[in-house]
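Quick notes on the structure that follows.
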Amino acid sequence: MKAVPKVNIYGLYLEDELVDDAFAGVVPFYADPEPVVFDPEAPEQPVEPDVPEDDEEEVEREIAGYIVGVPVPAGLFRPRFDLAAWEAYQDADPQESFPELWIEGLSQEEIDELTKPQPEEPSDLEKLKQENILLKAQNAALTERADFIEDVIAEMAAQVYQ
């Protein structure tokens, strides 16, 4: 077994799919059909018992994407398989060189946004220093309040005992 890319109908990479080691090429996969739900309030449809199965309409299944036997090259931010290039390669002369089938799915602006340098986060030591400074300031403010309250109480006691 090997893992190969699975892409949506636009060629954008979705996930890896496990396939047989001999798998090669590009194969479509289909959307799951919607389940039939029994509705007891719906009017009953007459059943025709003598209708042969060959006369039933065949429902065309909708392609949901493709399983791709071409590996994704490293370095792509959002890999996109070029389905048109693959089809052109299938119709071309076998002597032609293998085309570049995986391309970047993001614009240069989107890549620049993803790769721009992030503001450097302070180290754990710097965070502790900042927290220590804050705690010292809070302690000083509490001490100042306690001293003020102590002075007020002393003044009140002096007035009472006079």
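The values are calculated or read from the model by the stated rules, or taken from the named source; none is laboratory data. None of the values given here were measured: they were computed from a predicted structure. When we count neighbours, we look across all protein chains shown, and the Cβ atoms used for this are built from the backbone with ideal geometry, even at glycine. Just so you know, the surface numbers come from the protein's heavy atoms only, side chains and all, with ligands and any DNA or RNA stripped out. Shrake-Rupley method; radii C 1.70, N 1.55, O 1.52, S 1.80 Å.
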Convert each backbone phi in the range 68-73 into a coupling constant with the Karplus relation 6.51 cos²θ - 1.76 cosθ + 1.60 (shift: θ = phi - 60°), then list the ³J(HN,Hα) values in order as whole Hz, x for Gly and Pro. 10, x, 9, x, 7, x
Per residue accessible area of the chain, 1.4 Å probe, in Å²: 87
Could you work out which residue, out of LEU18, LEU83, LEU135, moves most in a Gaussian network model of the chain, that is, has the largest mean-square fluctuation with Cα springs under 10 Å? LEU135
Rounded, prolate or oblate: pick one for the chain, where a ≥ b ≥ c are the square roots of the eigenvalues of its C-alpha gyration tensor, a/c under 1.5 means rounded, and failing that, prolate if a/b is larger than b/c, else oblate. oblate
Taking the 0 to 90 degree range and rounding to the nearest ten, how far is the long axis of helix 124-160 tilted relative to the main principal axis of the chain, both from C-alpha atoms? 40
Charge dipole magnitude, Cβ of K and R +1, D and E -1 - the chain, Cα centre, debye nearest 20: 1820
Amide hydrogen neighbours beyond the local backbone of VAL26, cut-off 5 Å, H modeled: GLY69
Listed residues VAL152, VAL37, VAL26, most fluctuating in the chain (Gaussian network, C-alpha, under 10 Å): VAL152
